[in-house]
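The values are calculated or read from the model by the stated rules, or taken from the named source; none is laboratory data. Just so you know, these numbers come straight off a predicted model, no measurement behind them. Heads up, the Cβs are rebuilt from the backbone with ideal geometry, glycines too, and the neighbour counts pull from every protein chain shown. Accessible surface is based on the protein model in full, side chains and every heavy atom, while ligands, DNA and RNA are left aside. Shrake-Rupley method; radii C 1.70, N 1.55, O 1.52, S 1.80 Å.
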Amino acid sequence: MIKPIELVIFDCDGVLVDSERIAARVQVALGAELGWPLTEDEVVDRFIGRSHAAIREQVATQLGEDTAATWSERFEQLHREAVDAEIAPVEGLPEALDALILPTCVASSGSHDKMRHTLGRTGLYERFAGRIFSATEVAHGKPAPDLFLHAARQMGVAPAACVVVEDSRPGVRAARAAGMRSFGYAGGLTPAERLEGPDTTVFYDMRELPKLIAER
C-alpha cells in the first residue's frame, strides 16, 4: 500500500526561485573568461542541482585549484548582483503554496546564506523559516539521498511519506535513492527526459502541483 503523503520537500533554485537561468548564464560567462568554454546545456548537465563543493571540484579538475577558487569567488559576486537585479519566484509558485495544505520544507544544494538571500529577495523566506535544510549539513550532496533523508528526520516524517519537488536530474535521483516519490518540474532549464524515471511525475506548470500531489 502506498503511504499517504505527510510532507512536501521543495528544492530551492529553479523550483521556488527562478535562479537557475541566472546561475547558468553566470557559469557560461565564467567558463569563457577563465578558460573552460561551456554551453548552457553543458552547464545544466554538469552543475545544475549540485552543491557548491561539487561544482568547485569539477572546476579544479579541469583548471586547477587556484582557478577554481577564483571561479567560486567570481560566481558568488556575479550571482548575488544578478539576483538582486532580477530574481523572482518561479511562475505559479506562490499560488501553488497557497493551495497546498500539507506541511512543507526546503532541502537545497545551496548554502543557508544563499537561500536567505534568494528566498528573502522574493518574499518566500518567511514561508519556510525554521524548515530550511542545506547540503552543507550532510556528508554527501545530491544525487546522494543524504539531504532528503536529513530533512525528513528533522521534520519527523518517514521517507515513504515524503514527496520531493525537483527540477534537476541529481535531485530526482536523490529522491529515488531516499525512497521518496518526486515531482520533476520541467518548466525550467532541465529537459523533461532528464527528469523521467521511477516514482517521478514530470510536470510543466507549478500551478498544477497541488492537484498532482492530491492525486498521489
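Does Arg169 meet the test of being of a type outside the set (A, V, I, L, M, F, W, C), in contact (Cβ under 8 Å) with a residue 12 or more places away in the chain and closer than 19 Å to Val90 by Cα? When the stated conditions are applied, Arg169 passes them.
Would it be correct to say that Leu124 is at pLDDT 95 or above, within 30 Å of Ile213 (Cα to Cα) and either buried (at least 19 other Cβ atoms within 10 Å of the Cβ) or aromatic (Phe, Trp, Tyr) (or both)? When the stated conditions are applied, Leu124 passes them. Scanning region 106-133 for residues that are closer than 12 Å to Asp13 by Cβ and not hydrophobic (A, V, I, L, M, F, W, C) gives Ser108, Ser109, Gly110, Ser111, Lys114, His117, Thr118, Thr122.
Each row is one residue, and each column tells you yes or no for (1) within 20 Å of Asp167 (Cα to Cα); (2) open to solvent by 30 Å² or more (accessible area, probe 1.4 Å); (3) without any contact (Cβ under 8 Å) to a residue 60 or more places away in the chain; (4) touching a Phe, Trp or Tyr at 6+ places or on another chain (Cβ under 9 Å).
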| residue | (1), (2), (3), (4) |
| --- | --- |
| Trp36 | no, no, yes, yes |
| Arg50 | yes, yes, no, no |
| Ala54 | yes, yes, no, yes |
| Thr70 | no, yes, yes, no |
| Ala85 | no, yes, yes, no |
| Leu100 | yes, no, no, no |
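Taking every residue in region 2-25 that is open to solvent by 10 Å² or more (accessible area, probe 1.4 Å) and pairing it with any residue that is of a type in the set (S, T, N, Q) and assigned to a loop (DSSP other than H, G, I, E, B), at least 6 positions away or on another chain, the pairs with Cβ-Cβ distances below 6 Å are Asp13/Ser19.
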